[in-house]
Structure formats: C-alpha cells, structure tokens
1. Going by the alpha-carbon gyration tensor, a ≥ b ≥ c the square roots of its eigenvalues, is the stretch 83-180 rounded (a/c under 1.5) or, if a/c is not under 1.5, prolate (a/b greater than b/c) versus oblate?
2. Accessible area per residue of the stretch 1-80 at 1.4 Å probe, in Å²?
3. Under 1.5 on a/c is rounded, so check that first for the stretch 14-65, then, if it is not, pick prolate when a/b is larger than b/c and oblate when it is not; a ≥ b ≥ c are the square roots of the alpha carbon gyration tensor eigenvalues.
4. Search the structure for amide H atoms under 5 Å from the amide H of Leu220, placed 1.01 Å from N in the peptide plane, and list their residues when 5 or more places away or on another chain.
5. Work out the length of the dipole vector of the stretch 76-210 about its Cα centre, built from +1 on the beta-carbon of each Lys and Arg and -1 on the beta-carbon of each Asp and Glu, and round it to the nearest 20 debye.
6. Ignoring ligands, DNA and RNA, what percent of the 1.4 Å accessible area of the stretch 33-151 is carbon and sulfur?
7. Against the longest alpha carbon principal axis of the chain, how many degrees, from 0 to 90 and to the nearest 10, is the axis of helix 64-91 turned?
8. Per residue, how much accessible area does the stretch 142-245 have with a 1.4 Å probe, in Å²?
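The values are calculated or read from the model by the stated rules, or taken from the named source; none is laboratory data. Bear in mind that the values here come from a model prediction, so they are computed numbers and not experimental data. Cβ atoms come from the backbone with ideal geometry, glycine included; neighbour counts cover every protein chain shown. These area figures cover heavy atoms from the full protein model, side chains too; ligands, DNA and RNA do not enter into them. Shrake-Rupley method; radii C 1.70, N 1.55, O 1.52, S 1.80 Å.
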Amino acid sequence: MPRRLPPLNALRAFEAAARLESISGAADELCVTHGAVSRQVGQLEEWLGHALFERVGRRIALTEAGRLYQSEVAAALDRIALATDEQLNLTRQQVIRVNAPTTFALRWLLPQLSSFQLANPAVKVRLTTSDEPIEKLREEFDIAIRGNAQKPAGFVVNEFLSEVRLPVCSPRVLEANPIRSVEDLAHHTLLHTATYPGLWAEWLAACGSPQLASGNSLQLDHFYLTLQAAIDGLGIAMGPTALVALDIEEGRLVFPFDGPALPAWRYSSYVPNARLEDPIIKAFVSWLHTLASQFSRSA
C-alpha cells in the first residue's frame, strides 16, 4: 500500500515552528513569510483532523498530540538530512592541502599523484612547495612533508621514506666516455648544487680519492636543475635514490657506481592533531606509505 504522508512542506513548517516555539522564528529559518508558515501548519492540522498548537498568551505551545508528533517528525527529518548528506558526500569534492619540498614534489610526489586521485576521485589535492620548517609555514596545510627530522608541537609525525645518495648520469654519458673506475671521473663533468656544495668531495673521500680533480664542473642553484642537467647528459650528479627512482626505472638515468652510498633524507609526514582522524588525511598518509614500500621493494 502507498504511504499515507501529509504535505512535506507542511511537515517542515510544523517541525520548525514546534522546535523554535515560534511561527516567526520558523518563517525566518525557512525564508518564507509568517503567513506562509501559519497556512502550512493549518493545512497539516486540517489533514490530521486535530490541533497541533494552542495559543498561550502571545506564544504558541504544542498540544499533547503535537508534542508526540513533533518528536517523530523531527527524528524522521534528521534521518533524511543525514542520508542526504551521505549521498552528497559521494560526489562532493573535498580538498586536501599538502605542502612539500620543491624537488621532492617534482621528482617523487607529482609523477605518482594520479594513483591517489584515481582511488579518491572526490578529493582535490592542493599542492604547495616550501623548504621552511613546519612551525614557520605561513600558509595553512593539512599534511606537510619534510626530509629532515623536525619536532613541531601539535603534530603527529610518520616517517615513510628513506634514501641514500649515489652518482647518477644519462646512459649517453657512459656511451660516449665509459666509466670503469673512480679515476675515470677525471674525464667527466661533475654537476654541483649550490645548496649542497660538499657532496662530491664527501663521496670522493668515501671512495679513498679525496684529491681527484674532475675534468670540468657545472654548478646550479637548485637541486632539481642539477638532476635535470644529469638527465640531459650535461654531466654526473649526486642523486638521491628515491628522487631518481622513476628515471632509473625508465632508463633516463643510470648508476655508474654501486657505492659507496652517502646518507640522505628520511621523509616524514606531519599532520596537525586536529586533522588526525579525518578519513581523507588517513587515506593520503596510508598512500604515501604504500608508495614508499613499493619503492623499497624495487630499489
């Protein structure tokens, strides 16, 4: 049998007036006139066959029947509102704000971000880059990623990725001038980064050749430029293994030496305590760990 339901607009008007104990208050909440709410309530009372309100001076009060009815109607409307919100959330786009170092974002995060987007199509990732310490960041964020250990108050820290540094170059460099030993670097261009000026000296010292002089050198001011110069065949760079993993896999870069490896960054996610239970934040942090474990297995 079809449900016997009164006019739904009349139910909304009644519930608002009963909850607020005011026809005027209900009119304001529903963005209609005082008269419109009065007519809707009157229509509902006529449909039911008895009064739901009584006048007490200049106020209205629920009758006993009205009180019982209001309790059931309010609960039903709450369930409808909750179910509607759940349906809207299926397609409503949510935003997650991620802040990460520039080179990490370019070389590791962005190339793989599509897998998170495919798994979470209703989530929009807003990515900004910075090397500032967490506590000095001015823009708001939901997750920050940093490669150096920090202990800011009010954040939960999860390490998800570690790496080491090894020399990397384009295969074309080795084809043109093969490298069989560390001494062969004397005939190659070594690529340096202004912010990490001592990497080559540290690596050569670890090899036992601290006095080795390269045939040429090229210094760039940003690390991502140094890696791009290596991909373009301009020389040999000290490459962090995580950030060159895709280039190694796809053949744009190779490791001319197996070691020694220099220690590098250990990347962690920083989530404000207030956002810790957000399911989307949890999903993104879990995704970072999954990606990092895949890299560890393939490295």
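1. Values: a/c = 3.21, a/b = 1.66, b/c = 1.93.
Verdict is oblate for the stretch 83-180.
2. Working: 5430 Å² over 80 residues.
On a per-residue basis, 68 Å².
3. oblate
4. Excluding prolines and chain starts, which carry no amide H, the hits are His192, Thr193, Ala194.
5. 200
6. Values: 3940 of 7550 Å².
The C+S portion of the solvent-accessible surface of the stretch 33-151 is 52 percent.
7. With both axes taken from Cα atoms, the answer is about 20 degrees.
8. 45
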